[in-house]
Amino acid sequence: VIGMSLDDPSITPSENCRYDLGIAFPKQTGEGMLGEIVCSRGRSVPVACPDASECEPRGFSIRDFKSQEIAAIHCAGDLGQMARAWQYLYRIWLPSVAFEPADLPAMEVFVRLPEEIGWMTFDLQACIPVVPL
């Protein structure tokens with residue numbers, strides 16, 4: 001499961017914040033962060049990705065992301081831990097390296113789902129797509 005924050009909640013009023021939630025389908029076995037997470041869960045990849053004819057009648061859309069360099073930090077804990085992870089990535093790490101954010105949304109790649117660990121705790125990778133300066 002992947003969540004994408006389209007707005008900064010410290011700037012955008014909460015009633016206007018947008019957040020997309022989706023299911024990722026890695027294309028290659030064990031490669032990249034998604035493939036590693038799927039394999040760590042005892043599943044095999046590739047998993048058949050649904051096509052538009054299956055999704056659109058149910059109100060879902062398909063968004064295909066090409067392979068992308070990302071800056072990621074593992075975050076396990078409550079909302080405060082998540083906020084600290086995002087602040088670290090954007091305010092400390094990013095200004096100190098030769099990368100800038102790509103023109104793509106930041107993503108939360110869930111390692112374990114709230115149904116497994118509780119709705120007040122998170123286990124995810126906070127990810128920023130990046131490009132070299």
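The values are calculated or read from the model by the stated rules, or taken from the named source; none is laboratory data. Just so we're clear, the structure is a prediction, and the values are computed from it rather than from any experiment. When we count neighbours, we look across all protein chains shown, and the Cβ atoms used for this are built from the backbone with ideal geometry, even at glycine. Side chains are part of the model used for accessible areas, which takes the heavy atoms of the whole protein and leaves out ligands, DNA and RNA. Shrake-Rupley method; radii C 1.70, N 1.55, O 1.52, S 1.80 Å.
Here is how the numbers come out for the structure above:
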item: Taking the chain and dividing mean pair separation by its residue count, relative contact order in percent (alpha carbons under 8 Å, at least six apart); result: 26 percent
item: Rounded percent of accessible protein surface that carbon and sulfur make up, the chain, 1.4 Å probe; result: 55 percent
item: Protein-only accessible surface order, largest first, of D123, D7 at 1.4 Å; result: D7, D123
item: Of every Cα-Cα pair in the stretch 10-127, the percent that sits beyond 20 Å; result: 54 percent
item: About the Cα centre, charge dipole magnitude for the stretch 69-133 (Lys/Arg +1, Asp/Glu -1 at Cβ), debye; result: 220 debye
item: Calculated from backbone phi, Karplus (6.51, -1.76, 1.60) coupling profile of the stretch 5-14 in Hz, x at Gly/Pro; result: 7, 9, 9, 8, x, 7, 10, 7, x, 3
item: 222 nm mean residue ellipticity, helices alone, for the chain (DSSP H n ≥ 4; -39,500 (n - 2.57); rounded to 500); result: -4500 deg cm²/dmol
item: Cα-derived Rg over Rh, computed across the stretch 57-97 with Rh taken as Kirkwood radius; result: 1.16
item: Area accessible to solvent at E36, 1.4 Å probe radius, in Å²; result: 120 Å²
item: Å² per residue, accessible surface of the chain at 1.4 Å; result: 68 Å²
item: The chain: most fluctuating residue of S61, S40, S53 per GNM, C-alpha cutoff 10 Å; result: S53
